[in-house]
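Worksheet for the structure shown next.
No value in this document is a laboratory result; all are computed from the given coordinates. If you're wondering where the values come from, they're calculated on a predicted model, not measured in any experiment. Quick reminder, even Gly has a Cβ in these numbers, built from the backbone with ideal geometry, and neighbours come from all protein chains shown.
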Amino acid sequence: MWEISAFIDLTGQRFGRLIVIERAENIKGKAAWKCKCDCDKTLVVSSNNLRKGNTLSCGCLQKETIKAQSRIEGVRVSNLKKRKCENASSKYKGVYFHKTQGKWLADIGLNGKSIYLGRYNSEEEAHEVRVIAEKILHRPFLLMEADLKKKKILTDRIGISEEEAEQLLENEWLQNQIQKALEYIEAS
Ligand SMILES: [Zn+2]
């Protein structure tokens with residue numbers, strides 16, 4: 001009997017880190033493909049998951065991105081973004097009232113260590129110093145994280161290689177578009 005199924009041949013195509021090697025046995029009656037990941041692992045993925053961009057690697061991509069995003073050069077970026085703790089004595093992050101001294105203290109955390117920024121007569125003064133320290137110490141890491149996110153959009157969602165993504169991100173217009181998209185995603 002002739003099989004009339006006009007299935008779409010995905011052999012040789014790239015989806016993120018996966019390259020389709022050959023047709024595999026169907027998964028639940030649906031076409032599936034044996035793929036090779038850039039990290040050398042092989043796996044079977046359904047046509048659907050490949051073409052919808054649901055599967056872009058053997059799992060190594062997610063692991064790497066999560067690692068990269070949670071730690072940039074040893075700094076836990078999520079900690080930098082944390083709001084001040086609820087029962088702190090000041091309305092500002094990193095500012096505390098020292099009762100016995102009657103002064104406002106400022107500090108900033110980096111890499112699990114607390115850096116003492118001095119004591120001040122007013123809460124506002126302590127806050128100003130803390131803001132300057134944030135710009136010097138935290139901002140570079142937050143910017144690096146933003147760059148990583150932009151790159152991830154290009155590699156994961158559009159499925160281009162990391163080198164290509166880096167080249168594209170040198171384009172200022174594209175940078176801005178992706179930035180807008182990121183802001184939209186984060187706001188929604
Ligand atoms: Zn892999």
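Before moving on, here are some points about what is shown:
- Here the contact order of the range 89-137, divided by its residue count and restricted to Cα pairs under 8 Å and six or more residues apart, works out to 32 percent.
- Tensor-based shape of the range 142-187 (alpha-carbon gyration tensor, a/c under 1.5 rounded, otherwise prolate or oblate): prolate
- Neighbour-count ranking [beta-carbon atoms within 10 angstrom, fewest first] of TYR120, TYR184: TYR184, TYR120
- Selection among SER122, ILE132, PHE97 by position relative to the dipole of the range 89-137 gives PHE97 as farthest towards the positive end (Cβ unit charges, Cα centre).
- Size of the range 88-155 as Cα extents on the principal axes (Å, biggest first): 55, 21, 19
- Straight-distance crosslink candidates among lysines, where the alpha carbon sits under 16 Å from LYS52 and sequence neighbours closer than 8 are dropped: LYS30
- Above-threshold pairs, the threshold being 22 Å between Cα atoms, out of LYS93/LYS150; LYS93/LYS135; LYS63/LYS113; LYS41/LYS149; LYS113/LYS150: LYS93/LYS150; LYS63/LYS113; LYS41/LYS149; LYS113/LYS150
- Shape class for the range 14-58: oblate, because the ratio a/c of the largest to smallest gyration tensor axis (alpha-carbon atoms, square roots of eigenvalues) is 1.5 or more and b/c is at least a/b.
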